[in-house]
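Structure record follows, encoded as structure tokens.
The values are calculated or read from the model by the stated rules, or taken from the named source; none is laboratory data. Note that the structure is predicted; figures quoted are calculated from it, not measured. Note that we place each Cβ from the backbone using ideal geometry, even for glycine, and neighbour counts take in every protein chain shown.
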Amino acid sequence: MKPPAVRLIAAAAVLEGLTGLGLILLPAAIVHLLIGGSLAGSGVALGRVAGIGLLSLALACWPRAEPTRPALRALFVYNLLVASYLAWLLVRGRASGVLLLPALGLHALLSLLLAWAWFRHRSTQGSKA
């Protein structure tokens, strides 16, 4: 039987993950349900980025014996998804903020660096076994 703290963390991770998925798929509906407000235009994009962050948080919080690998995985997924979404916004002409390209570049770079760190960590952990 898992300790109560592990079950609590798992429950919180599931809740955050479901909220994150809801914000990614239906940001206006989730915002309306959570705060009773409306969401339009750039607010929808921000709601989806928040959903991506919540989903990544759920991955990072999921109980594991080794905390480093899950943190790397969660941060990698977050940055990869945010970079992909920002690229989609740019290609579709749905956003034109002055920080769109720098944010896209930063998230893409972090995705590459985190992937490298994650795979490096995996290979060093495998050599210790």
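Given A58, A83, A50, which one is within 14 Å of L110 (Cβ to Cβ) and assigned to a helix (DSSP H, G or I)? Walk me through it before giving the result.
Details: A58 fails: within 14 Å of L110 (Cβ to Cβ); A50 fails: within 14 Å of L110 (Cβ to Cβ).
On inspection, the qualifying residue turns out to be A83.
Listed here are the residues, each with its yes/no results for (1) in contact (Cβ under 8 Å) with a residue 24 or more places away in the chain; (2) under 20 Å from A10 (Cβ atoms).
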position: A40; (1), (2): no, no
position: P70; (1), (2): no, yes
position: V77; (1), (2): no, yes
position: L80; (1), (2): yes, no
position: A83; (1), (2): yes, no
position: G93; (1), (2): no, no
position: L106; (1), (2): no, no
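Given the conditions (1) out of contact with any Ser or Thr (no Cβ under 7 Å at 6 or more places or on another chain); (2) assigned to a helix (DSSP H, G or I), which single one is not true for G97?
Of the numbered conditions (1) out of contact with any Ser or Thr (no Cβ under 7 Å at 6 or more places or on another chain); (2) assigned to a helix (DSSP H, G or I), the odd one out for G97 is (2).
Taking the criterion of being crowded, with 18+ Cβ neighbours inside 10 Å, at pLDDT below 95 and touching a Phe, Trp or Tyr at 6+ places or on another chain (Cβ under 8 Å), would at least one residue in the stretch 19-37 satisfy it?
No; the residues of the stretch 19-37 include none that is crowded, with 18+ Cβ neighbours inside 10 Å, at pLDDT below 95 and touching a Phe, Trp or Tyr at 6+ places or on another chain (Cβ under 8 Å).
Hey, can you tell me all the residues within the stretch 96-111 that are within 15 Å of the chain's Cα centre (by Cα) and farther than 10 Å from L86 by Cβ?
The answer is L110, S111.
Here is a check on your reading of the model: is P63 at pLDDT below 90, within 25 Å of A12 (Cβ to Cβ) and not in a helix (DSSP H, G or I)?
yes
Between A28, A40, A50, which is under 11 Å from the mean Cα position of the chain (by Cα) and small (G, A, S)?
On the way: A28 fails: under 11 Å from the mean Cα position of the chain (by Cα); A40 fails: under 11 Å from the mean Cα position of the chain (by Cα).
The conditions single out A50.
On the given criteria, is S56 hydroxyl-bearing (S, T, Y) and surrounded by fewer than 17 Cβ atoms within 10 Å (Cβ to Cβ)?
no
Please go through the stretch 90-110 and give me each residue that is surrounded by 12 or more Cβ atoms within 10 Å (Cβ to Cβ) and of a type in the set (A, V, I, L, M, F, W, C), ordered by number.
If the condition is that a residue be surrounded by 12 or more Cβ atoms within 10 Å (Cβ to Cβ) and of a type in the set (A, V, I, L, M, F, W, C), then L90, A95, L100, L101, A103, L104, L106, A108, L109, L110 are the ones that fit.
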